[in-house]
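Below is one structure; the comments refer to it alone.
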Amino acid sequence: SNKPNIVILGAGYGGMITAARLQKSTASKDANVTLVNKNDYHYQTTWLHEPAAGTMHHDKTRMDISKVLDLSKINFVQDTVVEIKAEEKKVVLGTMELDYDYLVIGLGAVPETFGIPGVKEHAFGITNVDSVRQIKDHIDYQFATYSQMDEKHDEMLTIVVAGAGFTGVEFVGELTERVPELCKEYDIPREKVKLVSVEAAPTVLPGFDEELVEYAMNLLESRGVEFKINMPIKEVRADGVLLNDDTMLKSNTVVWTTGVRGNPVVENSGFEAMRGRIKVEKDLRAPGYEDIFVIGDCSLIINEETERPFPPTAQIAIQQAYTCANNLKALIEGKKELEVFNPEIKGTVASLGGNEAIGVVGSRKLYGNSASVMKKMIDNRYLYLLGGVPLVMKKGKLKFY
Ligand code: FAD
Ligand code: NAD
């Protein structure tokens, strides 16, 4: 047909909401909309710390794309994006090529290693469903093996979490819930297990509300987490991490959460990027490309109040998807004026394990159970936006206490 081709790369927060919005609008009739994703399922990146620790089954974080989108309106292609050939308006996939008239890049992020030696070889990342299954299985295996050894190697029970940003703190919080279960399962005394959170900056959660940071640290310390702040990791080795003061912290399990960069497909395709992220125009298009939108963790937008980039979040990815879908629809209809993206940051809430969390919502500070309830409501709200009440009932967090 001579309908324009819209191709969406990545079925994460940005890609899924863009596709769902187009499906609801006339754009799905006036254009051929194709969604490309590595897997035939969508998963919730913001929940991955839970299956990583083993406090949630990984299937709870994922859902079949065919059950959420109407695949009679959206073409779905399961394949891996290898390269974007912008000059030829083509996308190279693992097994085929696709032509596009309009492209949406929503491929998410990968761990930032800062070129630190050994990270790729010896550390785990909280990045996708399979990477977190590996973490969970690895930790289980350490406990199982330790229980069977005559000569005990305590580094098998030391878990190092590199970086105490939100991902590191949320993950170590889940571990404080999981470790007592593992100790019980494998008859291991709790005091044998060490959970160490290593942070380069002078504080945990640098930049976040100080009172809430203190609340989080006190809580996690009372649950057995040891913090090493002001202590950049210089190298990861097979037997642990080398700290900035040249001491070795022996550990068989290093989980790397020192921040993220945009999907490498972006840089490998020749786009100008900062930490793999394309600094987009106000209408979310890549500079110099009238036909390419970039959303989510592959995009970079500046906070005009601070003149610094916004941290990449699902909150922003979801909001960008609404603007992106509106702008695609406008282009299909031949309109020249596009919507400007204005992020509306509602706040930040981070879980600490169990019924504990911290957060700032608007001007309100929350901690403890009220923050935890808020966090679950935020998680359910996304499911509601994507698939209405039925998806909330199926995949939501419905136990509040
Ligand atoms: P994603 O949602 O990550 O999706 C990317 C998609 O692209 C995936 O489906 C992936 O399979 C697919 N893909 C990747 N590469 C390829 C390829 N080559 N070919 C085909 N498909 C590919 N943000 C918040 O706002 N609130 C939170 O509470 C929060 N908690 C977080 C907790 C954790 C543990 C982590 C890791 C992050 C958290 N974030 C949170 C950040 C948030 O998850 C990201 O900002 C968000 O996922 C970005 O959305 P996205 O659409 O860009 O990518
Ligand atoms: P981050 O950049 O927020 O934190 C990374 C931390 O690692 C920083 O504190 C940094 O100082 C530290 N670090 C860097 N190099 C180090 C080194 N060599 N050794 C030790 N520590 C080092 O990254 P993140 O926590 O991975 O989060 C990624 C994105 O996802 C962020 O934008 C974050 O806001 C978002 N996120 C949000 C939530 C939430 O809202 N609940 C949860 C998780 C992630």
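All of the numbers you see were taken from the coordinates with simple rules; none came from a lab. Just so it is clear, the structure is predicted and the values come from calculations on it, not from any experiment. When we count neighbours, we look across all protein chains shown, and the Cβ atoms used for this are built from the backbone with ideal geometry, even at glycine.
Side notes on the structure shown:
- Peptide packing for 343-353, 105-115 was compared via the average number of neighbouring C-beta atoms within 10 Å per residue; ordered from the highest value, the list is 105-115, 343-353.
- The range 81-209: C-alpha gyration tensor shape, a/c 1.5 cut-off, then a/b vs b/c: prolate
- Derived scalar couplings ³J(HN,Hα) [the range 325-333; Karplus, 6.51 cos²θ - 1.76 cosθ + 1.60; whole Hz; x for Gly, Pro]: 5, 4, 6, 5, 4, 4, 5, 4, 7
- Overall form of the range 242-374 per C-alpha gyration tensor (a/c, 1.5; a/b vs b/c): oblate
- When 215, 100 are arranged by Cβ crowding within 10 Å, least crowded first, meaning fewest neighbours, the order is 215, 100.
- Long-range lysine pairs (8 or more apart or interchain), the range 325-389, Cα under 25 Å: 5
- Quarter of the Cα convex hull surface for the range 26-140, i.e. its orientation-mean projected area (nm²): 9.5 nm²
- Ranking of 324, 183 by count of other Cβ atoms within 10 Å, fewest first: 183, 324
- Applied to the range 89-98, the Karplus parametrisation 6.51 cos²θ - 1.76 cosθ + 1.60 on θ = phi - 60° returns per-residue 3J(HN,Hα) values of 6, 9, 10, 8, 9, x, 10, 7, 10, 10 Hz, with x for Gly and Pro.
- Here the Karplus curve 6.51 cos²θ - 1.76 cosθ + 1.60, taken at θ = phi - 60°, turns the phi angles of the range 119-133 into couplings of 4, 4, 7, 10, 10, 9, x, 9, 10, 8, 4, 6, 5, 7, 5 Hz, with x standing for Gly and Pro.
- Coil-residue trypsin sites (Lys or Arg not before Pro) of the range 238-309, DSSP, other Cβ within 10 Å capped at 12: 282
- One quarter of the convex hull surface built on the alpha carbon atoms of the chain amounts to 20.4 nm², the projected area averaged over directions.
- Within a straight-line Cα-Cα reach of under 15 Å, residue 73 can be paired with the following aspartates and glutamates, leaving aside sequence neighbours fewer than 8 residues apart in one chain: 30.
- Fewest-first sequence of 96, 156, 16 by Cβ atoms within 10 Å of each Cβ: 96, 156, 16
- Rg/Rh for the range 213-286, where both radii come from Cα atoms and Rh is the Kirkwood radius: 1.15
- Added length on full extension, which subtracts the Cα-Cα distance from 0.36 nm per residue, residue 144 to residue 248: 35.0 nm
- For the listed peptides 161-169, 174-182, a ranking on the average number of other beta carbons within 10 Å per residue, highest first, reads 161-169, 174-182.
- The orientation-averaged projected area of the convex hull spanned by the Cα atoms of the range 34-90 comes to 5.2 nm².
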